[in-house]
Structures are given as structure tokens and as C-alpha cells.
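I have placed the structure first, in the form of C-alpha cells, so that the comments after it can refer back to it.
The values are calculated or read from the model by the stated rules, or taken from the named source; none is laboratory data. Computed from a predicted model, the values in this text were never measured in an experiment. Here the Cβ is made from the backbone with ideal geometry for all residues, glycine too, and neighbour counts use every protein chain on show. Note: areas computed on protein heavy atoms with side chains; ligands, DNA, RNA excluded. Shrake-Rupley method; radii C 1.70, N 1.55, O 1.52, S 1.80 Å.
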Amino acid sequence: MINIVCLKWGDKYGPEYVNRLYAMIDRNTTRPFRLWCFTEQAAHIRSEVITDTDANLCVLRLFKVTRTTT
């Protein structure tokens, strides 16, 4: 599983940019992936993208999800 992180903060770019990024990743990779988006406005971002309005908590969740034991 690949974890990909993007940051969308402010109003310069709308949710369509995040949705387009997800579509491009999905179209160009065969490996399973998760797209994480740190944003204060999660409205209209496709449901497959993991969003959180609290960037600090999102980072903690990202590292908790990807930690593996050997």
C-alpha cells in the first residue's frame, strides 16, 4: 500500500484539483494506494480521499496506519 499526501489550504485551489490528482494517480499506478489530503475545507472532495481538517491529527493517523511490525 502506497500512502500519498497532499496539502490543500486556502482558496487558491478548489477541491477539483484534489479529485484530479486522485484520478491521475489511479490511472497511472497498478499498486494499491491511499491519498491523504490535509485541508481545512473537505467539501466536494471525493470519498476515496482521506481528509481531515486537523493536520496534526491527520499526520498522526497516517503514521499509525502505515506502521508495521516485523
Residue satisfying all of: in the range 30-43; at pLDDT below 90 and either touching a Cys at 6+ places or on another chain (Cβ under 9 Å) or assigned to a helix (DSSP H, G or I) (or both); surrounded by the most Cβ atoms within 10 Å (Cβ to Cβ) among these: Thr39
Test: residue in the range 44-56 that is modelled with pLDDT under 90 and open to solvent by 100 Å² or more (accessible area, probe 1.4 Å): yes
Close pairs (7 angstrom Cβ cut-off, 6 or more residues apart or separate chains): in a loop (DSSP other than H, G, I, E, B) in the range 1-29, surrounded by 11 or more Cβ atoms within 10 Å (Cβ to Cβ) anywhere: Met1/Phe33; Met1/Arg34; Trp9/Thr39; Trp9/Glu40
The range 1-29, subset modelled with pLDDT of 95 or more and of a type in the set (Phe, Trp, Tyr), residue most open to solvent (accessible area, probe 1.4 Å): Tyr17
Residue within the range 59-68 that is in a loop (DSSP other than H, G, I, E, B), open to solvent by less than 80 Å² (accessible area, probe 1.4 Å) and at pLDDT below 95 present: no
